[in-house]
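Enquirer: Have a look at this one.
Nothing in this text is a laboratory measurement; each read-out follows from the coordinates by a stated rule. Keep in mind it's a predicted model, so treat the numbers as computed, not measured. FYI the Cβ positions are ideal-geometry reconstructions off the backbone, even for glycines, and counts take in every protein chain you see.
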Amino acid sequence: MLHIVACIKQVPDTKIIKMNPKTNTMDRRTAPAILNPYDAHAVEEAVRLRERYGGTVSVVTMGPPPAVKAIKKCIEIGADEGYLITDRRFAGADTLATSYALTKAIEKISQMNPVDLVICGKMTIDGDTGQVGPGIARRLDIPPLTSVNKVVEVNREEGYAVVHRKLEDGFEVVRSSLPCLLSVEKTINEVPYSPFPNMLKAAQYQPHIWSVDDLEDVDIKQLGLKGSPTIVSKVWAPPKPEAGEILEGNPREQVEQLLSVLLEKKELFSSKEGV
Amino acid sequence: MDFQDYQGVWVFIEEKDGEIPSVSLELLGAGRKLADKRGVELAGILIGEDIKHLAQTVFEYGADTVYVYDQPIFKHYRTESFMKALLECSNKYKPEIILFGATSTGKDLASAVATDLPTGLTADTTELDVEEDTGLLLASRPAFGGNIMATILCKKYRPQMATVRAKVMKALPPQPGRTGKVIEEKVSLKEEDIRTKVLEIVKETTKKVRIDEADIIVAGGKGLGSAEGFQLVHQLANALGGTVGASRDVVEAGWIEHGHQVGQTGVTVTPKIYIAIGISGAIQHIVGMKNSGLIIAINKDSEAPIFDSCHYGIVGDAFEIVPVLIEQFTQALSKEEVSHVGEV
Ligand SMILES: Cc1cc2nc3c(=O)[nH]c(=O)nc-3n(C[C@H](O)[C@H](O)[C@H](O)COP(=O)(O)OP(=O)(O)OC[C@H]3O[C@@H](n4cnc5c(N)ncnc54)[C@H](O)[C@@H]3O)c2cc1C
Ligand SMILES: Nc1ncnc2c1ncn2[C@@H]1O[C@H](COP(=O)(O)O)[C@@H](O)[C@H]1O
């Protein structure tokens, strides 16, 4: 029976976020909080593996109390248990401090039920780094496998997994000992609409909520802002490029002007012969 | 931690099928500037099997020193083996800055190394600078889905690390014959110590598009309405001898594969000509194409933000404009060719 932990995060939907142009900060009211889209694929893959091999899927997140909603979303996808670690002392964490806190949570989860596989999304749409997954793997001292777009086999008895890692021009088939950590691509699966019974279960579900004090052997100095080597020193709006010339006239006239612009670069087009 | 002990700028050099990919050469260009400003050495770090000869290329693109780990155990990239080499090298020679390409390998390796050192790591940097006197790295990157730029610092730890996006830095023109110091190192690592094994590498046989290498890109957006409408982009690209690009919404709609996507979560491109058709010009798209030589936009909405980021704009319906353009261009080009032949 496998125990798979998926790491998930609640994020502001950066697609529709509005920025305050004066302060260059997010106007959080304009951005609904959603489950990081990449993490939905991580949970879905965990659920599929459980269906194949049997076992338990737990999800874990570090975030503010409203992140319970993202956990419920994962229960809808099919996760069995959810853990939220939430505490002021976690606030302001960069990827190094985030991976530290999550590792402490996974270690605690593992004490109750040993973890075989940790699955992360490729990246978050707010942090946007993809660094947390490999960071957790190093701290747990298990092999990190990033860019995974297929899980071929997980063999708990013999203690190995075989996955495909996406490369620029194909993929590689990699075998790793268990436990290991996978960061999965969006292409690994499609997340279907949640089955109705899962929705019902999610509506009732109460996740486990832990503070720093519920975790063991925590070095407070490695948490949150204090434990973060990187700091944001300055934010600014990306410079607006200068507007160019609008070509006036009817379509034919517009095209004629455009053509003369293009033909100034005619050396580029000569290589086209024979294509 | 005594910062005095940490000196020099390093670039992790990737290797692919016996060659150094352009992103590593670009980083040498960027690293050279930082090193010169600080008055320190620029070093490349090469890890692989039978890769020693590549050191020459690394020198020609600007490095003073190359650290080489050439052992069979490095035949395939694996986080655990490469990480060991880089950690040992960094702890022994103590650079103040290490740069990696923001490629899948570069990000994987940098994340693992930064955790073990430990130190700060800035992801997907698009601008780099260094404080001359303190050596503080100023690594800037788009944040919150490209809505803002942020400068990230790592004040209390050394080395400072960053992954850097391909195609935003410039490689120096190579200086043939330029040489430097090769430092060969070895790790004592047995195959059994590594918990992962690459069983097989499968190359995709269909030729992959490399929009990042194209001189001419014709990119289409959601404004083309449908997969059929998007064919217009292919037609113009064919006529111009260009490559097809796309906005994310087009990729998400399934009109074309992700390899064609330009922008923050796609590819950064710098063609000589970029033609955007039916693309609104969201910031996440603009960051991926703004350094193109000549940007032309065709959009029926005169208020579309793309017009703030182009050299020439046409406000109009793509389905009216583009067919005329294809026709006139083809005519003009055949005339050109005739006159060319005449000159010879
Ligand atoms: C984290 C994040 C990352 C992102 N990364 C990327 C990325 O890498 N690349 C990217 O492109 N986007 C990215 N986006 C999405 C981006 O914000 C925009 O949603 C997207 O670029 C819009 O695509 P579009 O211009 O094709 O579509 P739309 O915004 O729908 O624009 C269509 C345009 O076509 C015009 N039009 C309609 N009909 C015609 C016609 N007949 N002739 C001419 N013009 C016409 C319309 O006026 C309109 O301006 C990202 C978003 C987020 C949040
Ligand atoms: N606060 C968090 N809680 C749980 N998982 C996280 C958190 N932040 C990041 N992750 C995981 O790490 C992956 C990469 O995140 P990032 O490095 O922020 O791009 C995400 O897809 C998640 O799986």
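Enquirer: Give or take rounding to whole Å, what are the principal axis extents of the alpha carbon atoms in segment B:1-104, in descending order?
Expert: The Cα atoms of segment B:1-104 stretch 35, 29, 23 Å along the principal axes, largest first.
Enquirer: For A:Ala33, project a label point 7 Å along Cα to C-beta. Then give me every residue of segment A:68-95 with its amide nitrogen under 16 Å of that point.
Expert: Zone members listed by number: A:68-75, A:83-93.
Enquirer: Given +1 on the Cβ of Lys and Arg, -1 on the Cβ of Asp and Glu, and no further charges, what dipole in debye does segment B:3-193 carry about its Cα centre, rounded to the nearest 20?
Expert: Computed about the Cα centre, the dipole is about 420 debye.
Enquirer: Report the GluC sites (Glu not before Pro) located in segment B:112-148 that are in a DSSP loop and have at most 12 other Cβ atoms inside 10 Å of their Cβ, or state none.
Expert: Numbers: sites: B:Glu127, B:Glu131, B:Glu132; in loops: B:Glu131, B:Glu132.
Sites meeting the loop and neighbour criteria: B:Glu131, B:Glu132.
Enquirer: If contacts are Cα pairs under 8 angstrom and at least 6 residues apart, what is the relative contact order of segment B:100-246 in percent?
Expert: 18
Enquirer: Multiplying the sequence separation of A:Ile246 and A:Val191 by 0.36 nm and subtracting their Cα-Cα distance, what value in nm do you get?
Expert: Result: 15.4 nm gained on full extension.
Enquirer: Please list, in chain and number order, the residues 5+ apart from B:Val66 or on another chain whose amide H is under 5 Å from its amide H, with Hs placed from the backbone.
Expert: B:Gly44, B:Lys181, B:Val182, B:Ile183
Enquirer: Kirkwood hydrodynamic radius (Cα pairs, Å) of segment A:37-142?
Expert: The answer is 14.1 Å.
Enquirer: Obtain the radius of gyration and the Kirkwood radius of segment B:104-154 from its C-alpha atoms and give Rg over Rh. Display every interim value, and only then the final one.
Expert: On the way: Rg = 12.1 Å, Rh = 12.0 Å.
That ratio is 1.01, to two decimals.
Enquirer: Given an 8 Å cut-off on Cα distances and at least 6 residues of separation, report the relative contact order of chain A as a percent. Intermediate results must be reported in sequence, preceding the final value.
Expert: Details: 513 pairs, mean separation 60.4, N = 275.
It rounds to 22 percent for chain A.
Enquirer: A further question on this structure: Determine the sum of side-chain charges near A:Tyr53: Lys and Arg each +1, Asp and Glu each -1, restricted to other residues whose C-beta is under 13 angstrom from that of A:Tyr53.
Expert: Around A:Tyr53, the charge tally is -2.
Enquirer: For chain B, set up a Gaussian network in which alpha carbons nearer than 10 Å are linked by springs, and say which option among B:His285, B:His260, B:His53 fluctuates the most.
Expert: Maximum fluctuation in the GNM of chain B, among the listed residues, is at B:His53.
Enquirer: Can you give the net charge of the other residues whose Cβ lies under 9 Å from the Cβ of B:Ala143, counting K and R as +1 and D and E as -1?
Expert: -1
Enquirer: Loop sites only, by DSSP: take the trypsin sites (Lys or Arg not before Pro) in chain B that have at most 10 other C-beta atoms within 10 Å and name the longest stretch containing none of them.
Expert: Answer - B:1-189.
Enquirer: Mind checking the dipole of the protein assembly as shown: about its Cα centre, +1 per Lys or Arg Cβ, -1 per Asp or Glu Cβ, Debye to the nearest 20? Could the numbers behind the result be given before it?
Expert: On the way: 69 positive and 85 negative charges, 276 e Å.
Using Cβ point charges on Lys, Arg, Asp and Glu, the protein assembly as shown gives about 1320 debye.
Enquirer: What is the percent of Cα-Cα separations in chain A that go past 35 Å?
Expert: 30
Enquirer: Please report the spacing between the Cα centers of segment A:104-153 and segment B:257-298 in Å, no decimals.
Expert: Distance between centres, Cα-based: 33 Å.
Enquirer: Shifting gears a bit: What size of dipole, in debye to the nearest 20, comes out for segment B:211-343 about its Cα centre when the only charges are +1 on Lys and Arg C-beta atoms and -1 on Asp and Glu C-beta atoms?
Expert: It comes to approximately 200 debye.
Enquirer: Take the Cα atoms of the protein assembly as shown, build their convex hull, and give its volume per residue in Å³.
Expert: 171
Enquirer: Where does each of A:Arg139, A:Arg29 land when they are ranked from fewest to most other beta-carbon atoms within 10 angstrom?
Expert: A:Arg29, A:Arg139
Enquirer: So for the protein assembly as shown: antiparallel DSSP bridges make up what percent, rounded to the nearest 5?
Expert: Rounded to the nearest five, the antiparallel share is 35 percent.
Enquirer: If r is the Cβ-Cβ distance from B:Glu185 to A:Met1 and R0 is 45 Å, what FRET efficiency results, to the nearest 0.05?
Expert: Once the sixth-power term is evaluated, E becomes 0.50.
Enquirer: Once you've got the Cα coordinates, tell me which of A:Lys108/A:Lys221; A:Lys108/B:Lys190; B:Lys16/B:Lys52 are over 24 Å apart.
Expert: A:Lys108/B:Lys190
Enquirer: Once R0 is set to 22 Å, what does the formula 1/(1 + (r/R0)^6) return for the Cβ-Cβ distance between B:Ser302 and A:Glu256, expressed as a FRET efficiency to the nearest 0.05?
Expert: After rounding to 0.05, the efficiency reads 0.65.
Enquirer: If you don't mind, another one. Please report the antiparallel percentage of the DSSP beta bridges confined to chain A, to the nearest 5.
Expert: Taking every DSSP beta bridge with both residues in chain A, the antiparallel ones total about 45 percent.
Enquirer: Which angle from 0 to 90°, rounded to the nearest 10, does the C-alpha axis of helix A:68-77 make with the longest principal axis of chain A?
Expert: Once rounded, one gets 90 degrees.
Enquirer: Looking at B:Gln328, B:Ala227, B:Gly245, which one has the Cα that reaches farthest to the positive end of the dipole of segment B:211-343 (charges on Cβ: Lys, Arg +1; Asp, Glu -1)?
Expert: The residue sitting farthest along the positive end of the dipole is B:Gly245.
Enquirer: With springs connecting C-alpha atoms under 10 Å apart, model chain B as a Gaussian network and identify which of B:Ser280, B:Ser104, B:Ser22 has the largest mean-square fluctuation.
Expert: Highest fluctuation among the options: B:Ser104.
Enquirer: State the three equivalent ellipsoid semi-axes of segment B:3-193, derived from the C-alpha gyration tensor as the square roots of 5 times its eigenvalues, in descending order and whole Å.
Expert: 24, 19, 17
Enquirer: While we're on this one: Once a ≥ b ≥ c are taken as the square roots of the eigenvalues of the Cα gyration tensor of segment B:211-343, is the result rounded (a/c under 1.5), prolate (a/b larger than b/c) or oblate (a/b not larger than b/c)?
Expert: Prolate is the answer for segment B:211-343, as a/c is 1.5 or above and a/b outweighs b/c.
Enquirer: If you don't mind, another one. Comparing A:Val43, A:Val232, A:Val152, which has the greatest mean-square fluctuation in the GNM of chain A with Cα pairs linked when under 10 Å apart?
Expert: It is A:Val232.
Enquirer: What per residue convex hull volume, in Å³, do the alpha-carbon atoms of chain B yield?
Expert: Per residue, the Cα convex hull of chain B comes to 174 Å³.
Enquirer: Report relative contact order for chain B in percent, whole number only (criteria: Cα-Cα under 8 Å, sequence separation at least 6).
Expert: Once divided by the residue count of chain B, the mean separation gives 14 percent.
Enquirer: Continuing with the same structure: I'd like to know which of A:Tyr205, B:His53, B:Thr179 lies farthest towards the positive end of the charge dipole of the protein assembly as shown, counting +1 on Cβ of Lys and Arg and -1 on Cβ of Asp and Glu.
Expert: A:Tyr205
Enquirer: Treat the count of other C-beta atoms within 10 Å as a stand-in for reagent exposure and order B:Asp193, B:Asp108, A:Asp94 from fewest to most. Don't jump to the answer; show the numbers that get you there.
Expert: Values: B:Asp193 12, B:Asp108 27, A:Asp94 24.
Ranked by crowding around the Cβ, least crowded first: B:Asp193, A:Asp94, B:Asp108.
Enquirer: Related question: Within 10 Å of each residue's Cβ, count the other Cβ atoms and sort B:Phe100, B:Phe329 from fewest upward.
Expert: Ranked by crowding around the Cβ, least crowded first: B:Phe329, B:Phe100.
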